[in-house]
1. Return the single residue from B:MET63, B:MET71, B:MET166 with maximal mean-square fluctuation; model: Gaussian network over chain B, springs between Cα atoms under 10 Å.
2. I'd like to compare A:16-23, A:73-80: which one has the highest average count of other Cβ atoms within 10 Å, and what's the full order after that?
3. Mind jotting down the distance between the C-alpha centroids of the stretch B:177-226 and the stretch B:150-169, whole Å?
4. Any chance you could get the radius of gyration and Dmax over the Cα atoms of the stretch B:3-102, in Å?
5. Just checking the output field for B:24-36: average partner chain Cβ neighbours within 10 Å of each residue's Cβ?
6. Gap in Å between the Cα centre of the stretch B:79-127 and the Cα centre of the stretch A:32-86?
7. Could you sort the peptides B:186-192, A:58-64, B:81-87, B:108-114 by per-residue average Cβ neighbour count (10 Å cutoff), highest mean leading?
8. Over the residues of the stretch B:55-128, compute the C-alpha Rg and express it relative to 2.2 N^0.38 Å.
Amino acid sequence: MSHSAELKPLFYNFAALMVLLAITIGMSYVDLGAFNLFVALLIAGIKTFLVALIFMNLRSTSNVSRLAAVGGLLWLGFALILTAADYHSRGWNEAQAHDLIEVEQARP
Amino acid sequence: MSHSTTIEVALPFDDAQQQRSAAILGMWIFLATEILFFGGLFVGYAVYRYEYFEAFREGSHEMSVVGGGLMTAVLLIGSLLVAISDHAIEEASADIDQRKLRRRLGGYLGATTLLGVAFLSMEFYEYYELIHKGLFPGPGFDASSFPASVRDTQTIQMYFTLFFCMTGLHALHMVIGISLVGGMAVLLSRSEHPQRYANLLTGIGLYWHFVDVIWIFLYPLFYLVR
């Protein structure tokens, strides 16, 4: 019965996803400070990888389809990283401008 | 391919295999645009979480961790059933008992549809409870149960605004997903040759898994940030 043998990865994948779900629920009760979200997102990332690879069949699809899948994530990455860079760096330039004003005012 | 005789190949394609991979590529390109559609909200979430860290921590105390986990499990069972259906329709040879195949596909996809409805019922019940507690953002928002740091600044409303927007957009996708999978359950259980719709089922399956993946991220972002 090669038919049922090929079904096995789907069930293994489902079992792995359920274990990861249990881990992520359990970890939320352990206080790790800022690491809680990091761990939760890491587990979500692994789950996504498993769903995409096995359920969405990225393991045996054409390379160009894989490229489309990665492309979406790449552009989402651009949006997140550039926005984070913007918010993180706000105020840097203002502080310098402020210093300059102080220097100007300090002059007799 | 023994069942290639039952699949009509459209004009632009050389063979059924090429047609299939084109259908899958098209769906993946659509899903990439969907990632960016949700992406705007995820970026908004990242910004507000960075700015109002405390509000997100307090807000997530209102969510049921176990309830959300159960909703995740319901979606994952649905994904498993869709993947099994997709496997069944692809692997079935032409001489297989069509009646049996029809019944199996109808059963799996019908069960997935019910699981989707169960997910939405749980989600809308949660909305009902939150709205009842006065936690729907707007003029009627009742922040009295929260600590002063997030109550007086009203930053707590931002958590609930993002919660309702992001899970609401996901719920809209669930409604579409439920309609598509339910439609496939009816179509395939009545079809003389279900295998004719293999590419359609694969595409709809990809959509279902994608909606599942969005929830896999929404769950930690809103329920597990305590």
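The values are calculated or read from the model by the stated rules, or taken from the named source; none is laboratory data. Predicted, not measured: the structure shown is a model, and the values here were computed from it. FYI the Cβ positions are ideal-geometry reconstructions off the backbone, even for glycines, and counts take in every protein chain you see. When the accessible area is computed, the model is the full protein with side chains, heavy atoms only, and any ligands, DNA or RNA have been set aside. Shrake-Rupley method; radii C 1.70, N 1.55, O 1.52, S 1.80 Å.
1. B:MET63
2. Working: A:16-23: 15.9, A:73-80: 14.4.
Ranking, from highest mean packing down: A:16-23, A:73-80.
3. 29 Å
4. Rg, Dmax (Cα atoms, Å): 21.6, 62.
5. Values: counts 8, 7, 2, 3, 13, 7, 2, 6, 10, 4, 1, 7, 7.
Counting other chains' Cβ atoms within 10 Å and averaging over B:24-36 gives 6.
6. Centre-to-centre distance over Cα atoms comes out at 26 Å.
7. Details: B:186-192: 15.4, A:58-64: 12.7, B:81-87: 23.9, B:108-114: 21.4.
Listed from highest to lowest mean packing, they are B:81-87, B:108-114, B:186-192, A:58-64.
8. Normalised Rg, Cα atoms only: 1.55.
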